[in-house]
Amino acid sequence: MRKMTEQQWRAFVAHGTRTGKLSTVRADGRPHVTPVWFLLDGDDIVLTTEKHGVKGRNLARDERFALCIDEDRPPYAFVLLEGHAEVSEDPADMLRWSVLLGTRYMGGDRAEEYAARNGGPGNLLVRGHIDKIIAFDGIAD
């Protein structure tokens with residue numbers, strides 16, 4: 001098992017269409033974990049979610065999150081990002097990032113479709129500021 005360098009974990013997180021498993025804190029303190037589409041933007045992660053969904057309510061109340069991105073095939077690898085989130089309903093930012101997310105995960109020909117579904121009213125733009133990074137590859141080596 002080897003600790004990833006900053007360049008390695010950034011490349012790993014940005015590669016292809018890996019989803020992340022986002023953990024937020026429920027009102028009663030229990031964790032809530034769900035898969036998400038995300039993008040890395042400098043030292044932040046960016047994603048969208050429904051304002052009145054569990055993730056949206058949790059992040060609006062408690063900004064703490066953890067996001068785990070992994071490779072589920074040998075020799076296995078993972079990056080765990082812990083931080084605090086800012087939520088926004090700014091329509092221009094929401095549209096811009098929804099198109100970028102749609103492009104990454106569905107391809108350019110379906111990006112606008114994704115943005116229309118997930119970037120409008122009732123949704124939140126989440127900007128996660130990364131406070132801690134744990135990243136290893138070659139776990140099975």
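Here, each number is a calculation from the coordinates, and none is a lab measurement. What you see is a predicted model; the values in this text were computed from it and never measured.
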task = Grab the DSSP H runs of the chain that are 4 residues or longer, score each as -39,500 (n - 2.57), total them, divide by all residues and round the 222 nm result to the nearest 500 deg cm²/dmol.
result = -8500 deg cm²/dmol
ask   = Mind checking the angle between helix 91-106 and the chain's longest principal axis? C-alpha axes, 0 to 90 degrees, to the nearest 10.
value = 40
ask   = Can you pull the Kirkwood radius for the chain, inverse mean 1/r over Cα pairs, to one decimal in Å?
value = 15.4
message = Tell me the relative contact order for the chain as a rounded percent, counting alpha carbon contacts under 8 Å between residues six or more apart.
response = 31
ask   = For the range 118-126, what does the Karplus curve 6.51 cos²θ - 1.76 cosθ + 1.60, with θ = phi - 60°, yield as ³J(HN,Hα) per residue in whole Hz, taken in order and with x for Gly and Pro?
value = 10, x, x, x, x, 10, 10, 9, 10
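Looking at the square roots a ≥ b ≥ c of the eigenvalues of the Cα gyration tensor of the range 4-43, which shape do they give, rounded for a/c under 1.5, prolate if a/b is larger than b/c, or oblate? The partial results should precede the final answer.
On the way: a/c = 2.96, a/b = 2.15, b/c = 1.38.
Note, shape of the range 4-43 comes out prolate.
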request  = Quote to one decimal, in nm, the extra length available between R2 and V87 on full extension: 0.36 nm per residue of separation minus the C-alpha distance between them.
outcome  = 27.2 nm
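Once you order the gyration tensor axes a ≥ b ≥ c over the Cα atoms, which shape class does the range 1-84 get: rounded for a/c under 1.5, otherwise prolate or oblate by comparing a/b with b/c?
Numbers: a/c = 2.09, a/b = 1.86, b/c = 1.13.
Because a/c hits 1.5 or more and a/b exceeds b/c, the range 1-84 counts as prolate.
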